[in-house]
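Accompanying notes for the structure given below.
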Amino acid sequence: MRYHTILVAIFLSITSNNAIAQSKTLLTKAEKIYALSQFWKEMHYNFAYPERLQQVNIDSLYLVYLPKIEQAESLKDYYFTLQSFLAHFNEAHTRMSTPAFGYPQITPRIFSQKVVVWNMPKSKVSTIPKGSEIVKINSIPIQQYLRDSVYPYVSAGTPQAKLNLSMYPMLRGKEGTNIALTVQTPTGELADVKLPRILHPQPYPEEWAFPDDWVPVEVKIVGNDIGYIALNTCNARHIKTIDSVFYRYLLQLRQCRGLIIDIRNNSGGADAAWQTIAEHIIHLSHVITSKNATRVHNARYKTVGAWHCDKATAEAIGTTHDANSKYCDYYKNVAMQEINSSAGWENFSHDSIKLHQPLVILAGRTTASAGEDFLLLLKASARGVVIGEASSSCVGGPLFLPLPGGLNAYIAASRVSYADGTEFYETGILPDIVVPEDLSAFLKGKDNVLEQAIEELRKRTKKK
């Protein structure tokens, strides 16, 4: 049941390691104000999307949130206040780690805009069959519940990322309380169920209905003669395993007529996790994958900008007003510069070791961060066709920010676009062929997106 572990991994990546201990943390008024001020300062100077700071008016927002953060009585109040502050900026790498909450023992999964239950305790299989759609939470229609109670605390630039990052937050609550769900089963019946919330990260008390056979990478032959590589994570802990498994199957992959790389469930980690695979499938020695930019500050340039770019200042001190001066961006705190990673990706592997078969890449709404870096490389190299859905749009290395109370925060400090400068942060990286995952197919044990990929490769190999 691979999807269970994938979603839990996403959830764990934004949950503090010492979450249970943090629940007893008491913060002073000064510490709470300091935390909000740290956000305000770091966002002001390092957030990679300065135009959003202006759209939101971060200074006014900071003043609004000062009394709110002072009134936060618990660590969770503190968390929700800060996270709601960040949510105004709509960027998926800009978020906080999560304190301890209780969660019911179910695994949600998204098909189109439907949230369905994909795994549950064995004792609940008859009540909540696999594929049951969650239609209400605590008697409130799910879309209304998300809009009013979850989305105000979720920072994401695309609709798919916002929904992905809401799947576990919509279920959380105080340990020991129940969550009431109304589900519609695959046969169309409505059922009401109450599930207890268990404090995470303690283990769930019951055995799962469907076993978890998740692996960081899977290589197999599909359709008799097509090599399939599912890279399910880029977590640095798994790099040795990923490389080892890939090399183990390399000879078999050479004998295949076509190749499929599946990164639909890859929510990120370290780019080094896909390096070995990339060296074997990309023929080019140099690829400009994207443009990367970050904020830049120069006190002298800002001073000169004030002299010329601000009309009132120019008139007061007798300088020439020039709204197009090269110093204006420094004065307005929106100056950006391209960084070295824009130089591109280098491939030093000899052509003799490379795999030259036609390639299809599967990507989707959970493809994020380092997974998206790999997708950018594959698209920029024009190595194959991308099938599936738009990616998350959670790219660029985040700035790490420790906060009082034992929580951590992350701020997007790198702005990534396509190599030609076209931005995708509001859409995600788009596929060449759109094929949404079909719930009815998956419930039958089929994968309609993979089947489409196999069909596409059949077409391409017939032409040779």
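Values quoted throughout were computed directly from the atomic coordinates according to the rules given, and no laboratory measurement underlies them. Keep in mind that this is a model prediction, so the values were computed, not measured. Ideal geometry is used to build each Cβ from the backbone, glycine not excepted, and the neighbour counts take in all protein chains shown.
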Going by Cα centres, the range 148-217 and the range 31-48 are how many Å apart? 31 Å
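Over the chain, what is the relative contact order in whole percent, taking alpha-carbon pairs under 8 Å and six or more residues apart? Please report the intermediate quantities before stating the final value.
Working: 952 pairs, mean separation 80.4, N = 464.
Answer for the chain is 17 percent.
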Can you list the cysteines of the chain that have no other Cys Cβ under 4.7 Å away? 234, 256, 394
Sorted largest first, the Cα spans of the range 102-199 on the principal axes come out in Å as 37, 30, 21
Which one of 252, 104, 392 has its Cα pushed farthest toward the positive end of the charge dipole of the chain, where Lys and Arg give +1 and Asp and Glu give -1 at the Cβ? 252
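Around residue 319, under 12 Å between beta carbons, what's the net of Lys plus Arg minus Asp minus Glu among the other residues? Can you show the working numbers first?
Working: positive: 311; negative: 310, 315, 322.
It works out to a net charge of -2.
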What does the extension gain come out to for residue 320 and residue 77, with contour length at 0.36 nm per residue minus their alpha carbon separation? 82.5 nm
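Arranged by the count of other C-beta atoms within 10 angstrom, fewest first, what order do 47, 85, 348 take?
Numbers: 47 22, 85 25, 348 6.
Listed from fewest to most nearby Cβ atoms, that is 348, 47, 85.
Around residue 61, with a cut-off of 13 angstrom between Cβ atoms, what is the net charge of the other residues, counting Lys and Arg +1 and Asp and Glu -1?
Numbers: positive: 52, 68; negative: 59.
Cβ neighbours under 13 Å give a net charge of +1.
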Where in the range 338-380 does the amide nitrogen come within less than 13 Å of the point 7 Å from the Cα of residue 452, taken along Cα to Cβ? 361-365
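Local charge sum around residue 174 (other residues, Cβ-Cβ under 10 Å, Lys/Arg +1, Asp/Glu -1)? Walk me through the numbers before you get to the answer.
On the way: positive: 76, 172, 197; negative: 175.
That works out to +2.
Which helices, counted as full DSSP H runs in the chain, have an axial Cα extent of no less than 20 Å and a Kyte-Doolittle average of -0.5 or above? Don't skip to the end; give the middle numbers.
Working: long enough: 29-46 (25 Å, -0.92); 239-254 (22 Å, 0.21); 448-462 (21 Å, -1.13).
Counting only whole DSSP H runs, the qualifying helices are 239-254.
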Simple spin-label estimate for residue 208 and residue 303 in nanometres, 7 Å along Cα-Cβ: 6.0 nm
Contour minus Cα-Cα span, residue 382 to residue 190, at 0.36 nm per residue, comes to 64.4 nm
Separation in nanometres of the label points that stand 7 Å from Cα toward Cβ, at residue 55 and residue 243: 4.1 nm
Dipole magnitude of the chain about its Cα centre, charges +1 at Lys/Arg Cβ and -1 at Asp/Glu Cβ only, in debye to the nearest 20? 520 debye
In nm, the gap between the two label points placed 7 Å beyond Cα toward Cβ at residue 440 and residue 149 is 3.2 nm
